[in-house]
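Here is the structure we will look at, set down as structure tokens.
The values are calculated or read from the model by the stated rules, or taken from the named source; none is laboratory data. Values in this document were obtained by computation on a predicted structure and should not be read as measured data. Neighbour counts run over all protein chains shown; Cβ positions are idealised from the backbone, glycine included.
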Amino acid sequence: MKIRTDKIESLIAEIDDIINRIALDEKMYTNRLSAVCTTYRRSARNLIHYHTLRTVDLRDIQKKLGNLGLSRLARSEQHVLASLMNTKFVLGKLINTFESEEMKKPGLSIKKGEKLLNRHTKSLLGYRSKGRRVRIMVTLPSEAANDLKLVLALASSGMNCARINCAHDEPETWKKMIDNVQLAGSKIKRKITICMDLAGPKIRTGLIAKGPPVTRYAPDRDAFGRVINPAVIPLVDSESLSNELNGVVVSSEWLRELKKEDRIRFKDTREKQRELIVRTRQNKHIVYTQSNNTCYIGKGTDLYYGHNEENTSTVFNLPLSRTWLLIKPGDIMTVHAAAEPGESASYDPDGKISNKAHISCTYPSVFESVKTGEYIFFDDGKIGGEITEVREGSFDVMIHNAKSKGTKLRADKGINLPDTDLKQGGLTAKDYTDLTFIAEHADVVNYSFVNTPEDVDNLIVELDKLGVLGKLGIILKIETKKAYDNIIDMLLTGMKTRHIGVMIARGDLAIETGWENIGRIQKEILTICSAAHVPVVWATQVLENLAKSGIPSRAEITDTVNSLKAECVMLNKGPFINRAMLLLDKILRNMEDYQHKNVAFFPEMEKSI
């Protein structure tokens, strides 16, 4: 291959320019570097080097290096300066112009960069499982407080870290969970790291008005429409002190007269003739009936039995119907600060909206921050729209994203405002209280809705007050657009302590940054953290179908394979969580020979089985 000296010299000059920029930028960060814990001093320097490297469009340089058969710097994040100096050395050798003294102190070597990441991962997340580099974190369900067998099964299947979310349950339950995790760890002779999530500031939908006094009862049918199981309708007498069965409340005297196989007739709310058959009497207060037809029973419906319509009882009360707002594309919905229950839109006889749908928001500062033209999403992005009008204490949303026949919006569902500069983040009053418990019982605190370096500093100050700074690990949950934009400064601030990590909370982050961008953004977070030698937890919806329904999808298997680029994978709770654990452990072990971080390996090709 003929080598043109002038082109090689030009390429060396371009690399020299990057190296000089790195030296200048490092001087600008002198004060920030001096505040970093000695454990992370070299890693912080390398992070700054990587940040400088990524301010350059490297594509042309990469193409030229690839044409020469050299490394394209695509996997240089853990050892930026060493990779640049090595590349310059090889280019110099090609044209015999390299001076040996230029190789002195190139920064972290390739081997040392990898060792630092491994060391930091172990100090934060504990020991890995034998034969598996990537650790597994499992979100514990509430049942883990009283079910040692469940926790022991998870531990035996390969759980390395147990996650407890402080947004749910209470300290008494958390302590029982931790006791069971520690007991399970002692039984399998392996320490399991305890990670606890701060709840953080939650932006959620408020209460919704009770539905109409009507309840639908329907039998189970097969594919041919044949009844498999009849609808079961409990009748409860009006003198009973409670309605725990959510039964249909009727007259006490009338209920006492009912006998097995009596037929109760009525017209439902649609004026359809329906019949209930009395099957069993549990006691004088409760009678169970069945129906082979779908029926709508409303408050005030008259029920009678036998052939005499005088044997009648009016329905006094009903189970509370499930409540939601039905939101359709093109609807205008009002979001308000007032804590009044939300309601669906109402229509006039011509089908025009007479009253807009409305719902409250639980986070007051939203109303001080939103602007027209900004986007808003509800319930993990199932409903989305644009803010069209802002008033004091409320704003209107034009709905763009929803199912054509309508999407149900319930109370206590998450709200995302990716375009809004919210005064959100940092520690809430509940977080300060929960931190006292976490400092005493956990190994790691997962920092929810952290957005700025100041937020990180606030947590560090609080941990110092509690006497656990440098002992309790910190994982920064990246779940907002603002957090992603500030991630490098937040990492440099977090490096003031000895144990720091990052969680890619891909659910909220995808909504905040856009579904079309989440692939790029999660890749950027992985490389930024790799440059800082900071471990990453790959989180949200990993094997979710399997954990919830028992059957995985092909897409989530592929997603799980991608998680090998992180240091830890998080599973959320579900009825089939142990099955998900076993499959995840197997996938991670099987793929170890093929993928290490973002480096692909090529073992001898094998047959499918």
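Numbers for the structure displayed
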| quantity | calculated |
| --- | --- |
| Search result, residues across segment 56-74 that are surrounded by 12 or more Cβ atoms within 10 Å (Cβ to Cβ) and either of a type in the set (Gly, Ala, Ser) or assigned to a loop (DSSP other than H, G, I, E, B) (or both) | 56, 58, 66, 68, 70, 71, 72, 73, 74 |
| Unique residue being touching a residue at least 60 places away in the same chain (Cβ under 8 Å), out of contact with any strand residue (DSSP E or B) (no Cβ under 6 Å at 6 or more places or on another chain) and hydroxyl-bearing (Ser, Thr, Tyr) when the list is 407, 428, 420, 362 | 428 |
| Complete set of residues in segment 587-609 that are modelled with pLDDT of 85 or more and loosely packed, with under 13 Cβ neighbours inside 10 Å | 590 |
| Residue list for segment 181-239, filter: hydroxyl-bearing (Ser, Thr, Tyr) and out of contact with any helix residue (DSSP H, G or I) (no Cβ under 7 Å at 6 or more places or on another chain) | 186, 205, 215, 217 |
| Segment 579-592 residues that are in contact (Cβ under 8 Å) with a residue 60 or more places away in the chain, paired with ones that are hydroxyl-bearing (Ser, Thr, Tyr) and buried (at least 18 other Cβ atoms within 10 Å of the Cβ) (beta carbon under 6 Å, 6 or more apart) | 581/157; 582/157 |
| Matching strands (runs of 3 or more DSSP E) fully within segment 469-552 where at least 1 residues are in the same structural domain as residue 383 (by TED's automatic domain parsing) and either touching a His at 6+ places or on another chain (Cβ under 7 Å) or crowded, with 24+ Cβ neighbours inside 10 Å (or both) | none |
| Unique residue being at pLDDT 90 or above and more than 28 Å from the chain's Cα centre (by Cα) when the list is 325, 303 | 303 |
| Subset of segment 145-166 (residues that are among the small types (Gly, Ala, Ser) and either farther than 16 Å from residue 184 by Cα or in contact with a Leu (Cβ under 6 Å, 6 or more places away or on another chain) (or both)) | 157, 162 |
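Residues are listed down the side, and each one gets a yes or a no for (1) modelled with pLDDT of 90 or more; (2) under 24 Å from the mean Cα position of the chain (by Cα); (3) surrounded by 14 or more Cβ atoms within 10 Å (Cβ to Cβ); (4) of a type in the set (Val, Ile, Thr):
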position	(1), (2), (3), (4)
315	yes, no, yes, yes
320	no, no, no, no
366	yes, yes, yes, yes
386	yes, yes, yes, no
390	yes, no, yes, yes
